[in-house]
Amino acid sequence: MLKVKSIGHAASQNRSLRLIAVLYGLLAYAAFLVTIVYTVGFVSGIGVPKTIDTGPYTSVVDALSINTLLMALFAIQHTGMARKWFKNWWTRYVPNYIERSTYVLIASLCLMLLFWQWRPLPAVIWHVEDPDVSVMIGTLSFIGWTLVFASTFLIDHFELFGLRHVIANLRGRGIVAQQFRTPLYYQFVRHPIYLGFIIALWAAPVMTIGHLMFAAVTTTYIFVGIFFEEQDLLQLFGEQYGQYKKQVSMLIPWRKLDS
């Protein structure tokens, strides 16, 4: 009888831990949603208390230094924690089923820190005066953000942001191995998510030095991230991804000719 009770207690405890993992995954996903929505407002200057061109003013040197450190922190975290060698080490201490959620949560916290501590550089580089053209450019920026969101759902939005892992763990199932797929936009560009970010950041009716810095550094980081990501994808999918890489453009939406 004691043994049966012990097994039942262990099963109940295990179930509680799985529920806690789901709550943790939901918390990380909520942090991502808040952060990405704030990012849209931060860049566009719409609907948020602090934008890319507002906040405490400092000298240009201090602003450049602080902003560079903030963006470097995010880039190092976002790239480093995604690498296989880091995951192999990290999952010695963090269960596999919350590894992705932890990655998403820390990335969101790094971005929140960036929004909080960002120093504006408000000198204007260009300002589109024509209201119709200004609206067109602003609309193009939001099309870029739409491309970002839509592309995540075309692959596996909930796997990408950790929810699928914690729900599978709750059900006592493993995560199904990734399958190579090229839905919709992925038939024309290999990285539509990154393309959406580039469009969203550079389509600006008003471009300040601070906005230019954010867009330029982020675009540079995107190309670095693509390099590492494609190395991982080649290891994961082998020749299948190699052929895809030969046939489909990285960011410009046209198909390459087969060599």
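Residues Ser249, Ser16, ordered by accessible area of protein heavy atoms at a 1.4 angstrom probe radius and largest first, appear as Ser16, Ser249.
Could you sort 176-186, 45-55 so that the peptide with the highest average Cβ count within 10 Å comes first and the rest follow in order?
Values: 176-186: 11.5, 45-55: 16.4.
Ranked by mean Cβ neighbours within 10 Å, highest first: 45-55, 176-186.
Look at where the Cα atoms of region 101-135 and of region 15-94 average out, and the two centres are 13 Å apart. Note on the chain: GNM, Cα springs under 10 Å; of Phe227, Phe197, Phe214, the largest mean-square fluctuation is that of Phe227. Highest GNM mean-square fluctuation among Pro95, Pro192, Pro120, for the chain modelled with Cα contacts below 10 Å: Pro95. Based on C-alpha pairs under 8 angstrom that are at least 6 apart in sequence, the chain has a relative contact order of 24 percent. Based on protein heavy atoms only, region 170-259 ends up with 57 Å² per residue of surface accessible to a 1.4 Å probe.
Summing -39500 (n - 2.57) over the DSSP H runs of n ≥ 4 in the chain and dividing by its residue number, what mean residue ellipticity at 222 nm do you reach, to the nearest 500 deg cm²/dmol?
Values: 10 runs with 179 residues, N = 259.
Estimated from H runs of four or more residues: -23500 deg cm²/dmol.
The phi-based Karplus calculation (6.51 cos²θ - 1.76 cosθ + 1.60; θ = phi - 60°) puts the 3J(HN,Hα) values of region 142-149 at 5, 5, x, 4, 4, 4, 4, 4 Hz, whole numbers, x for Gly and Pro. Placing a label point 7 Å from the Cα of Ile125 along the Cα-to-Cβ line, the residues of region 171-214 whose backbone N sits under 13 Å from it are 201-214.
Just one of [x] 1.03; [y] 0.95; [z] 1.17 is Cα Rg over 2.2 N^0.38 Å as worked out from the coordinates here. Which one is it? Matching entry in [x] 1.03; [y] 0.95; [z] 1.17: [z]. In this view, the solvent-accessible surface of Met250, computed with a 1.4 Å probe and all protein chains in place, comes to about 50 Å².
Would region 108-201 count as rounded, prolate or oblate if I go by the C-alpha gyration tensor, calling it rounded below 1.5 in a/c and otherwise prolate when a/b exceeds b/c, oblate otherwise? Taking the square roots of the gyration eigenvalues as a ≥ b ≥ c, region 108-201 is oblate. Sorting the segments 32-40, 135-143, 205-213, 231-239 by their residues' average number of neighbouring beta-carbon atoms within 10 angstrom, most packed first, yields 205-213, 32-40, 135-143, 231-239. Annotation: amide H of Val248 within the under-5 Å range of Lys256, sequence separation 5 or more or interchain, hydrogens built in the peptide plane. Karplus-derived 3J(HN,Hα) values for region 212-223, using 6.51 cos²θ - 1.76 cosθ + 1.60 with θ = phi - 60°, are 4, 4, 4, 5, 5, 5, 5, 5, 4, 4, 4, 5 Hz; glycine and proline are entered as x. Of all the options Tyr24, Tyr194, Tyr93, the one that moves most in a Gaussian network model of the chain with Cα springs shorter than 10 angstrom is Tyr93. Remark on Thr208: its backbone amide H falls under 5 Å from those of Ile125, a criterion applied only to residues 5 or more positions apart or on other chains, H modelled at 1.01 Å from N. Here the Karplus relation 6.51 cos²θ - 1.76 cosθ + 1.60, evaluated at θ = phi - 60°, turns the backbone of region 35-48 into coupling constants of 5, 5, 5, 5, 4, 4, x, 4, 6, 7, x, 10, x, 10 Hz, with x for every Gly and Pro.
The values are calculated or read from the model by the stated rules, or taken from the named source; none is laboratory data. In this text, all values refer to a predicted model and were calculated from it rather than measured experimentally. We place every Cβ from the backbone using ideal geometry, glycine too, and count neighbours over all the protein chains shown. To get the accessible areas, we keep the full protein, side chains included, count just its heavy atoms, and leave off ligands, DNA and RNA. Shrake-Rupley method; radii C 1.70, N 1.55, O 1.52, S 1.80 Å.
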